[in-house]
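What follows is one structure encoded as structure tokens, with my remarks underneath.
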Amino acid sequence: MKKIDDIYSGGRLKVERVEVDLPGGITLERIVVKPGGAVAILPMDAEYCYLIKQYRYSIDEYIYEAPAGTMDEGEEPLETAHRELIEETGFKAEKFVSKGYIYTTPGFTNERIFLFEAYSLTPSDEYKKDDDELIEVVKVKKPEVFEMIKDGRIVDAKTICLIFKCMGMNQ
């Protein structure tokens, strides 16, 4: 992939026009969105997991999600997970377990979200929510999250992937 030009660059987001050589000898011009790295965390204890209900302006709705956020320049995924968990839930975790990563929509973006489980939760106010974060923490019994996926209360893709990676696919 060879960059032709920048279409947009602002904050962490870049949009580029690129030339792509596909297998088989075809060369195409495409647009690639580059938002940078992100994390999503599923905080849990023995019986419950903790989701957030957050307003998302791009869809003009409140949705249930796993706590998540973008990585700052030079930040490692685990550092971001630690910071974002406290910012969005007010919980600090003693233990994080990596569950790999996902590509959100590789047809047009290189966005990669690193996934984590978080355990041994204690209250923390080390980091504050961002001004634009309208968030409510929701405590959900573990089996109910699968019902929430089935009945459409959870529609966020990263959250669905994270739940299945953390709690299994035999539900």
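The values are calculated or read from the model by the stated rules, or taken from the named source; none is laboratory data. Just so it is clear, the model here is predicted, and its values are computed rather than measured. Reconstructed Cβ throughout: ideal geometry from the backbone, glycine too, with neighbour counts over all protein chains shown.
General remarks:
- Restricting attention to region 93-103, the residues that are surrounded by 12 or more Cβ atoms within 10 Å (Cβ to Cβ) and more than 20 Å from residue 70 (Cβ to Cβ) total 1.
- Verdict on residue 28 being in a strand (DSSP E or B) and in contact (Cβ under 8 Å) with a residue 24 or more places away in the chain: no
- Residue match in region 24-39 (condition: under 20 Å from the mean Cα position of the chain (by Cα) and either farther than 30 Å from residue 66 by Cβ or of a type in the set (D, E, K, R) (or both)): yes
- Condition check for residue 121: within 22 Å of residue 48 (Cα to Cα) and in contact with a helix residue (DSSP H, G or I) (Cβ under 9 Å, 6 or more places away or on another chain): yes
- Residues within region 141-160 that are over 22 Å from residue 91 (Cα atoms), touching a strand residue (DSSP E or B) at 6+ places or on another chain (Cβ under 9 Å) and either not in a loop (DSSP other than H, G, I, E, B) or not assigned by TED's automatic domain parsing to the domain that holds residue 116 (or both), tallied: 2
- All conditions but one from (1) on the phi < 0 side of the Ramachandran plot; (2) in contact with a Lys or Arg (Cβ under 9 Å, 6 or more places away or on another chain); (3) exposed (fewer than 13 other Cβ atoms within 10 Å of the Cβ) apply to residue 85; the one that does not is (3).
- Among the residues of region 104-155, those that are farther than 17 Å from residue 64 by Cα, of a type in the set (Gly, Ala, Ser) and more than 18 Å from the chain's Cα centre (by Cα) comprise 120, 124.
- Selection of region 2-19 for residues being surrounded by 12 or more Cβ atoms within 10 Å (Cβ to Cβ) and in a loop (DSSP other than H, G, I, E, B) yields only 12.
- Residue in region 106-124 that is under 30 Å from residue 29 (Cβ atoms) and of a type in the set (Gly, Ala, Ser) present: yes
- Test: residue in region 52-72 that is more than 30 Å from residue 147 (Cα to Cα) and surrounded by 16 or more Cβ atoms within 10 Å (Cβ to Cβ): yes
- Scan of region 141-160 for residues that are touching a residue at least 60 places away in the same chain (Cβ under 8 Å) and either surrounded by 14 or more Cβ atoms within 10 Å (Cβ to Cβ) or in contact with a helix residue (DSSP H, G or I) (Cβ under 9 Å, 6 or more places away or on another chain) (or both), ordered by number: 142, 145, 148, 153, 154, 155, 156, 158, 159
- Exactly one residue out of 43, 77 is under 12 Å from the mean Cα position of the chain (by Cα), crowded, with 18+ Cβ neighbours inside 10 Å and assigned by TED's automatic domain parsing to the domain that holds residue 94: that is 77.
- Residue within region 116-139 that is modelled with pLDDT under 95, crowded, with 17+ Cβ neighbours inside 10 Å and touching an Asp or Glu at 6+ places or on another chain (Cβ under 6 Å) present: yes
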